[in-house]
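Structure record follows, encoded as structure tokens.
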Amino acid sequence: MAIDRRHPREIRADIRSGKITSVTAGLGEGHVQANLAVLPRDYAYDFLLFCQRNPRPCPLIEVTDVGSPEPTGVAPGADLRTDLPKYRIYKDGVLADEVTDASPYWRDDLVAFLLGCSFTFEWALLEAGIDLWHVKHGKNVAMWRTSTACRPAGVFHGPMVVSMRPIPSTQLSKAVTASARFPNAHGAPVHIGDPAAIGIKDVTKPEWGDAQPFRPGDVPVFWACGVTPQAVALASKPPFMLTHSPGHMFITDLPNATLAAF
């Protein structure tokens with residue numbers, strides 16, 4: 001897969017026009033990507049508290065004004081209704097629709113939350129010389145629900161979701177160090193090794209995304225994942241939640257360095 005080095009504004013324009021509908025791994029080199037969760041105002045405080053209590057899977061980087069689809073703090077002029085390649089609509093805990101334009105579902109009482117994404121620290125992994133199969137082949141990262149419960153807040157509760165990348169055992173310390181620099185993009189891994197220890201029965205069959213091939217010497221490495229709010233929607237059953245479709249992120253104007261802790 002060719003790396004798209006254009007400015008995020010240009011990439012978002014192609015997404016808005018329908019020219020790009022794929023996963024966003026490898027797009028917007030050096031810029032922060034974000035997960036999306038949109039809820040009615042009556043549920044926004046509980047979700048804000050949920051993010052504050054669960055910063056590893058839900059690192060908060062932006063909250064919009066009520067009714068506004070513009071994330072002015074991270075991408076002035078962007079539109080969260082159209083500038084992601086694909087969206088999911090949950091109603092009462094059920095996946096009701098998947099669309100490329102969320103405008104028909106937008107309401108004046110909605111609040112949008114943008115959460116840090118592992119696609120941000122993946123640039124650091126690539127720069128450290130760590131090969132990422134899903135980026136190279138234009139695929140989605142593999143994701144699972146775990147047996148690790150998030151800390152509840154108000155009406156919201158549910159399991160942590162993780163993403164997994166096979167990492168050569170000789171590069172584990174490099175992968176941990178590179179991702180730990182980005183605590184607002186999930187940070188260091190939450191688990192390394194035996195998938196069963198976090199409730200994953202089959203590492204070859206992800207719940208979201210694409211299966212990742214393992215080479216001799218590879219070890220499964222798991223990071224907290226911003227698909228967690230979708231698992232929480234299924235568990236908590238809010239009347240309405242609009243999210244990104246897994247792997248189809250919002251690309252901000254923020255350089256990755258703005259999220260780096262060191």
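No value in this document is a laboratory result; all are computed from the given coordinates. Note that the structure is predicted; figures quoted are calculated from it, not measured. Methodologically, a virtual Cβ is constructed for each residue, glycine included, from the backbone with ideal geometry; neighbour enumeration extends over all protein chains shown.
Assorted remarks:
- Coupling constants for segment 27-32 follow from the phi torsions by the Karplus curve (6.51 cos²θ - 1.76 cosθ + 1.60, θ = phi - 60°), and in residue order they are 9, x, 3, x, 10, 5 Hz; glycine and proline get x.
- Sparsely packed loop sites in segment 88-123 (the trypsin sites (Lys or Arg not before Pro) outside DSSP H, G, I, E and B with at most 12 other Cβ atoms within 10 Å) comprise R107.
- Hits among lysines - C-alpha to C-alpha of K139 under 21 Å, sequence gap 8 or more where chains match: K19, K86, K205
- In this rough spin-label picture, where each label sits 7 Å from Cα along the Cβ direction, the S169-K136 distance is 2.0 nm.
- In the chain, the DSSP-assigned H stretches of four residues or longer account for a calculated mean residue ellipticity at 222 nm of -6000 deg cm²/dmol, using -39500 (n - 2.57) per stretch and the full residue count as denominator.
- Other residues within the sphere of radius under 12 Å centred on the Cβ of H248, judged by their own Cβ, net out at 0 (K and R +1, D and E -1).
- The alpha carbon centroids of segment 177-246 and segment 99-165 are separated by 8 Å.
- Applying a 4.7 Å Cβ-Cβ cutoff to the chain leaves C117, C150, C225 as cysteine residues with no disulfide-compatible partner.
- Amide H contacts under 5 Å for C117: Q33, N35, restricted to partners 5 or more places along the chain or on a different chain, H placed in the peptide plane at 1.01 Å from N.
- Report note on the peptides 196-203, 42-49, 148-155: ranked by the mean count of other C-beta atoms within 10 Å, highest first, their order is 42-49, 148-155, 196-203.
- Segments 23-31, 213-221, 163-171 sorted - mean Cβ within 10 Å per residue, highest first: 23-31, 163-171, 213-221
- Pairs of Cα atoms farther than 32 Å apart, the chain, %: 15 percent
- Normalised by the number of residues in the chain, the mean separation of alpha-carbon contacts (under 8 Å, six or more apart) gives a relative contact order of 31 percent.
- A straight chain from E207 to D42 at 0.36 nm per residue would run longer than the Cα-Cα distance by 56.4 nm.
- Once backbone amide H atoms are built at 1.01 Å from N, D97 has I89 as its partners under 5 Å, excluding neighbours fewer than 5 places away on the same chain.
- Using θ = phi - 60° and Karplus 6.51 cos²θ - 1.76 cosθ + 1.60, couplings along segment 56-71 (whole Hz; Gly, Pro as x): 5, x, 10, x, 7, 10, 6, 10, 8, 5, 4, x, 8, x, 9, x
- A straight chain from T100 to E70 at 0.36 nm per residue would run longer than the Cα-Cα distance by 9.1 nm.
- Whichever lysines have a C-alpha closer than 23 Å to that of K91, once near sequence neighbours (fewer than 8 apart) are set aside: K237
- Mean Cβ neighbour count within 10 Å, used as a protection proxy, ranking 224-236, 64-76 highest first: 224-236, 64-76
- Per-residue ³J(HN,Hα) for segment 173-179, Karplus 6.51 cos²θ - 1.76 cosθ + 1.60, θ = phi - 60°, Hz, x for Gly and Pro: 5, 5, 5, 5, 5, 5, 6
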